[in-house]
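These notes are about the structure you will find just below.
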Amino acid sequence: MPAPIIKVDAISKSFGAFKVLDGLSMQVMPGEKLALIGPSGSGKTTILRILMTLERIDGGHIQIDGEQLYHMERNGQLLPADERHLAKMRQKIGMVFQLFNLFPHKCVMDNVTLAPMLTKGVARAAAEKRAMELLDMVGLADKAKAMPAQLSGGQKQRVAIARALALSPKIMLFDEVTSALDPELVEEVLNVMRKLAAETDMTMLLVTHEMGFAHDFADRVLFFDRGKIVEEGKPDEIFRHPKQERTQGFLKKIIAAGHRV
Amino acid sequence: MEWDWNFVREIMPTLIQGVKITILATVLGSILAAIVGLAIALARRSPNRAVSRSVGWFAEFVRGTPLLVQLYFIFYVLPDFGILLPPLVAGGIGLGLHYGTYTAEVYRAGIDNVPRGQWEAAKACNLSGHHTWTHVILPQAIPPMIPALANYFIAMFKETPLLSAITVLELMNQAKSVANSYYRYVEPMTLVGAFFLVISLCSVVLLRWLEHRYGRIER
C-alpha cells in the first residue's frame, strides 16, 4: 500500500474564541479525489486554506508527500517552518478560489505564465507554450490575450484552474469554485474538473455544495461538522445511506434547498 | 501707480529663470516624495514592530512640524553636523520628506484597497514576498492612487515659494530681488501670481485626465 500524500494529524485552529478545527485528522492517498461537504463554519474551507498555508495552525502536524508542512526537521528536532521551507512545500500544492482571484491587471496568458516564469525560471517561450496547452484544455485558447474583466465568471474560473495547473502541483485544492457563478456557468467549470480528474493522476480536494457533482466526482466524501469529520465513505454510502444523524440532517436540508443529489 | 509693460519685458527673463527653478524643485520634491512615501508605507507594514513604530513616529513628527522649520533645519542646522547641501538640493529634500509623509497615506490606502484574494492568489502561485509586491500588489495599487499623488504634487508646487527662505533662486525669490532693486512690486508680484495660476490650471487639466485614465481599475 502506498504512503498517503496528505497526512493531517490532530490539528486545531481557532479564530478568536471560535474553534474552527478541533483535533482534526485525515489522510489522503495519492491520486485520490476527495469531496469535503458540510454546513458553513464546519471547517472544510479552513482545512484547504491551511493546506495552502494561507492560515497557520494552532496545534498538530501535517505531512505533505512525506514532509512536514509547518515544521522542519533539524537534527531530529521539529522546528516551526520558515518561509523558505513553506515556499518549497507550496510547490506541491495548487489552489482555485471561490472568487477566482485572477490578477486583473494581467491578460489571461500572463496570469498563467507569471508564476512558472518567476518561481521556476521557465523561459517565456516555454511558459507560453505550456500555457496555451492548458488554456486549450480548459477551452479558452482563443482568450489568451483577453483581460480578466472581459471574461464571464465561468471563463475566469477556468483561467484560474489553468493558472494553478501551470505550476504542475501534485495536489489541487478547489474551494467552492462554482459558488460565485451564475447557474448557467457552473457546468462549464465542472466539465473542466471532470476532464482533469479523468486525464490526470493529481490528488484533488474539493469543497463544494454541488452534491450531484461531489457524488460523481469523488472517490471518497468527508462530511464536516463543527470542526470534525463526522462521517466519511464512498459517495453512495454518504449520499444514499448516511449513518450519522447530523449527516442525514444536513443532506435533508440541502435537498430541501433544491440541490440535486 | 501704473502698470509698466516695459518693466515687465525687462524682468521677464529673470522671472522665467525663477520659474525653471520652481519647476525643477517641484519635480525633485515629487520624485522624492513618491519614493519616500512608498518606503514609509512599506516600512509601516513591516512585521518588525521596532521598524513600523519608529517609522510611524518619524512620519507623525514630520507631519506635525512646519515645512519652513524643516527647511531651516536641513539648510542651516545640518551644516553644524558636517552636512552641507546646495540650496536646491536641501529644498528638494525638504519638500520630498515633508510631502512623502502625506503620500505615504495615499500608498497605504491604495495598498489596503487591493483585495485580500490577490495576496492569497500570489501565495497559492508560490510567488515570493518581493514578487508579490512588484508583480501583483503595487501594479494594482498604484494606478488608482495616481490622481491623489498628483494632487499632493500640485500642492507642493504652490509651496515652493518657501524655498526662497533658504536662498533657492526660485520664482518668488527672483521676483523679490527685482522688486527690491527697482522698488516696484506690482508687476513682479502680479506676474508671480499669474505664473503660479497658469501652471496650476494646466496641472488641474492634467489631473482630470489622470483621474479619467487611472482613477478606476477593472476587475
Considering every residue in B:111-124, what mean count of other chain Cβ atoms within 10 Å of its Cβ is obtained?
5
So for the protein assembly as shown, taking the charge dipole from beta-carbon charges (+1 Lys/Arg, -1 Asp/Glu), which of B:PHE195, B:ALA148, B:ALA59 sits furthest toward the positive end?
B:ALA59
Out of the trypsin sites (Lys or Arg not before Pro) in region A:1-94, which ones are loop residues according to DSSP with at most 15 other C-beta atoms within 10 Å?
A:ARG56
Rg from C-alpha atoms of region B:39-102, normalised by the globular rule of thumb 2.2 N^0.38 Å, equals 1.23
Once the dipole of region B:15-171 is set up with Lys and Arg at +1 and Asp and Glu at -1 on Cβ about the Cα centre, which of B:GLY82, B:VAL106, B:LEU32 lies farthest towards its positive end?
B:VAL106
With a bin width of 10 angstrom, please list the P(r) values of region B:22-168 as percents of all Cα-Cα pairs, from the 0 bin to the one holding the largest distance.
12, 36, 31, 16, 6, 0
At a 10 Å Cβ-Cβ cut-off, how would you order A:CYS107, B:CYS202, B:CYS125, fewest neighbours first?
B:CYS202, A:CYS107, B:CYS125
Given the alpha-carbon gyration tensor of the protein assembly as shown, what are the semi-axes of its equivalent ellipsoid in whole angstrom, ordered largest first, with each equal to the square root of 5 times an eigenvalue?
60, 25, 19
Above 17 Å lies some portion of the pair distances; for region A:217-261, what is it as a whole percent of all C-alpha pairs?
28 percent
A:GLU232 to A:LEU86: FRET efficiency via 1/(1 + (r/R0)^6), r the Cβ-Cβ distance, R0 22 Å, to the nearest 0.05?
0.20
Taking 0.36 nm per residue of separation and subtracting the Cα-Cα distance, what length does fully extending A:GLU245 through A:ASP22 add?
78.3 nm
Around A:ALA123, with a cut-off of 11 angstrom between Cβ atoms, what is the net charge of the other residues, counting Lys and Arg +1 and Asp and Glu -1?
+3
Looking only at chymotrypsin sites (Phe, Trp or Tyr not before Pro) in DSSP loops with at most 10 other Cβ atoms within 10 Å, what is the longest site-free stretch of chain B?
B:4-182
Inter-label distance, nm, simple model (7 Å from Cα along the C-beta direction), A:ALA198/A:GLU73
4.0 nm
Please compute, for peptide A:238-244, the average count of beta-carbon atoms on other protein chains lying within 10 Å of each residue's beta-carbon.
0
Gap in Å between the Cα centre of region A:1-63 and the Cα centre of region B:147-216?
61 Å
Tell me, Kirkwood radius of region B:105-210 from alpha-carbon pair distances, in Å?
17.1 Å
Helix by helix through chain B, keep the DSSP H runs that span 15 Å or more along the axis on Cα and average at least 0.0 on Kyte-Doolittle, and give those back in order.
B:5-44, B:49-63, B:87-112, B:138-159, B:186-214
FRET efficiency, 1/(1 + (r/R0)^6) with R0 56 Å, evaluated for A:ALA146 and B:VAL89 via beta carbons
0.70
Alpha-carbon centroid distance for the pair region A:205-219 / region B:1-53, whole angstrom:
60 Å
Remind me, what semi-axes does region A:1-74 give for its equivalent ellipsoid, largest first in whole Å, using sqrt of 5 times each Cα gyration tensor eigenvalue?
21, 16, 9
Point-charge dipole on Cβ atoms (K/R +1, D/E -1) for region A:8-81, about Cα centre, debye to 20
260 debye
The summed charge of the B:TYR182 Cβ neighbourhood (under 12 Å; Lys/Arg +1, Asp/Glu -1) stands at -1
Among A:ALA144, A:ALA123, A:ALA197, which one moves the most in a GNM of chain A with springs linking Cα atoms closer than 10 Å?
A:ALA123
Most fluctuating of A:GLY76, A:GLY41, A:GLY94 in the GNM of chain A (C-alpha, under 10 Å) is A:GLY76
Given charges of +1 on the Cβ of Lys and Arg and -1 on the Cβ of Asp and Glu, with all other atoms neutral, how large is the dipole of region B:22-168 about its Cα centre, in debye to the nearest 20?
360 debye
Other residues with Cβ under 9 Å from the Cβ of A:GLN155 give, with Lys and Arg +1 and Asp and Glu -1, a net charge of +2
Taking the dipole of region A:112-251 about the Cα centre (Lys, Arg +1; Asp, Glu -1; charges at Cβ), the one of A:PHE217, A:LEU140, A:ALA115 that reaches farthest to the positive side is A:ALA115
What size of dipole, in debye to the nearest 20, comes out for the protein assembly as shown about its Cα centre when the only charges are +1 on Lys and Arg C-beta atoms and -1 on Asp and Glu C-beta atoms?
380 debye
If each of B:GLN17 and B:TRP119 carries a label point 7 Å out from its Cα toward its Cβ, how far apart are those two points in nm?
5.4 nm
The ratio Rg/Rh over the Cα atoms of region A:103-168, Rh being the Kirkwood inverse mean 1/r radius, stands at 0.93
If you restrict to DSSP beta bridges whose two residues both lie in the protein assembly as shown, what percentage is antiparallel, to the nearest 5?
60 percent
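Readers should treat all values here as calculations from the given coordinates under stated rules, not as data from a laboratory. Owing to the predicted nature of the structure, the values given are computational and were not obtained by experimental measurement. Please note: Cβ atoms are built from the backbone with ideal geometry, for glycine as well, and neighbour counts cover all protein chains shown.
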